[in-house]
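All remarks here apply to the structure that follows.
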Amino acid sequence: MNVKITGTGSALPGKILTNADLERLVDTSDVWITSRTGIKERRIAVEGEYTSTFAAEAARRALAMAGAQPEEIDLIILGTVTPDFPFPSTACIVQDLLGATNATAFDLSAACSGFIYGLSIAENYIRSGSAKKILVIGSEVLSRIVDWQDRNTCVLFGDGAGAVVVEATEDTDCHTLLSTHTFSNGSHWNLLYQQGSGSRNPATDRRTIDEGRIYLAMEGNDVFKHAVRGMEEAAVKALDANGLTTSDISLLIPHQANQRIIDATAKRLGLDANRIFINLHRYGNTSSASIPIALDEANRQGRITPGSNLLMVAFGGGFTYGSALVNW
Ligand code: UT7
């Protein structure tokens, strides 16, 4: 059985937070943020907007493009590190919001690689015959776990969601998922993590909040180096598995964390800038949502040439990393 991406969708909060807005919150500047990260603005959820809100909207748009009804979906996989609640899964809430009554639904924790991990699980469900039509979603409201007094992290992240419909198919005429590749390296888990609200620093213990141990924490410099190496490794693995080289790739959609990470990865791979899709300047790092949002925008803007090879690569906390290759 072959695997096909038949629809893409994304949803973002309406509220924009610019670098100039951040200059009024913490000791930072538009010049520093732009030159060190490439980010100019990010979207921030307002009251009443949750991870499930954006996930469901992105999924509706992907379903509409695929011409699929919610009842046809037999699996919903939602990558997120900012679920609505620790439990039940946000995927179950999204199932309810969509009316996808025939789906099994679960969340997936792989940080910024959540979408690629989800795509890999979807691929395997389809190839094994366990599912026919799957929603893979990445959705985050990171603004609710960052410390808005920490300039090292609060300038980097944003909120939003992206989704795809993945289907079983006999043919290989277009939008065919060629392969997915996932990797983990747990020895660096503490370089990028949320300190509180789990069983180590529970949200029920007042000290977790009082001592500031609830927020996202990152050793940016170390993560940077691992991200470049990890994304290169994942990209090379996908190329080798399909007997391709960089020259066979018409578009790279990398995880959107930092322009300098993307540039360094592209340089190692020998990919020129006009073959890389970037929307980081508008949304910041949206973790698991970054690749599916970029995929949806690239698709709707006609940036992916029919019949050409599209490579997606992710890297995130865990560490987790991975890649997916699609013949569009
Ligand atoms: O999504 C998954 C993975 N996440 C990532 O891939 C993020 C990886 N890391 C990064 O993108 C970069 O490491 C950062 C953007 C986080 C930081 O860039 P950097 O070039 O590694 O800067 P740095 O951490 O070495 O900090 C340089 C200086 C420090 O000042 P001192 O100690 O040299 O005086 C920081 O305090 O920049 C300072 N700094 C800031 N200054 C102004 C840190 N954040 C800011 C800020 N505004 N917002």
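The values are calculated or read from the model by the stated rules, or taken from the named source; none is laboratory data. Only a predicted model underlies this, so the values are computations on that prediction, with no experimental measurement involved. Neighbour counts are summed over all protein chains in view; Cβ atoms, including those assigned to glycine, are modelled from backbone coordinates with ideal geometry.
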Quiz item: Can you name the residue in region 20-34 that is assigned to a helix (DSSP H, G or I) and out of contact with any Cys (no Cβ under 9 Å at 6 or more places or on another chain) and, of all such residues, is nearest to the ligand (Cβ to nearest atom)?
Solution: 32
Self-check item: The one condition in (1) surrounded by 14 or more Cβ atoms within 10 Å (Cβ to Cβ); (2) touching a residue at least 24 places away in the same chain (Cβ under 8 Å) that residue 171 fails to fulfil
Solution: (1)
Practice problem: Restricting attention to region 184-215, report how many residues are within 16 Å of the ligand (Cβ to nearest atom) and of a type in the set (A, V, I, L, M, F, W, C). | Solution: 3
Quiz item: Where in region 217-328 are there helices (runs of 4 or more DSSP H), lying wholly inside it, with at least 1 residues that are without any contact (Cβ under 8 Å) to a residue 60 or more places away in the chain?
Solution: 220-241, 259-269, 290-300
Quiz item: From the list 242, 274, which one is surrounded by fewer than 16 Cβ atoms within 10 Å (Cβ to Cβ), away from the ligand (no atom under 16 Å from the Cβ) and within 23 Å of residue 35 (Cα to Cα)?
Solution: 274
Quiz prompt | Residue check for residue 121: more than 14 Å from the ligand (Cβ to nearest atom), outside the structural domain of residue 313 (by TED's automatic domain parsing) and touching a residue at least 24 places away in the same chain (Cβ under 8 Å) | solution = yes
Quiz item: Do we have any residue at all in region 56-72 that's at pLDDT 95 or above and within 13 Å of residue 159 (Cβ to Cβ)?
Solution: yes
Practice problem: Sort out which residues of region 208-239 are crowded, with 21+ Cβ neighbours inside 10 Å and in contact with a Pro (Cβ under 8 Å, 6 or more places away or on another chain), and write them in order of number. | Solution: 231
Practice problem: Can you confirm whether region 55-77 contains a residue that is under 21 Å from the mean Cα position of the chain (by Cα), over 26 Å from residue 116 (Cβ atoms) and either away from the ligand (no atom under 16 Å from the Cβ) or crowded, with 23+ Cβ neighbours inside 10 Å (or both)? | Solution: no
Quiz item: Which one of 113, 52 is within 16 Å of the ligand (Cβ to nearest atom) and either over 17 Å from the mean Cα position of the chain (by Cα) or part of a helix (DSSP H, G or I) (or both)?
Solution: 113
Quiz item: Quick check: anything in region 2-13 in a loop (DSSP other than H, G, I, E, B) and either within 13 Å of the ligand (Cβ to nearest atom) or surrounded by fewer than 16 Cβ atoms within 10 Å (Cβ to Cβ) (or both)?
Solution: no
Quiz item: Taking residue 46, is it touching a Lys or Arg at 6+ places or on another chain (Cβ under 7 Å), more than 16 Å from the ligand (Cβ to nearest atom) and in the same structural domain as residue 109 (by TED's automatic domain parsing)?
Solution: yes
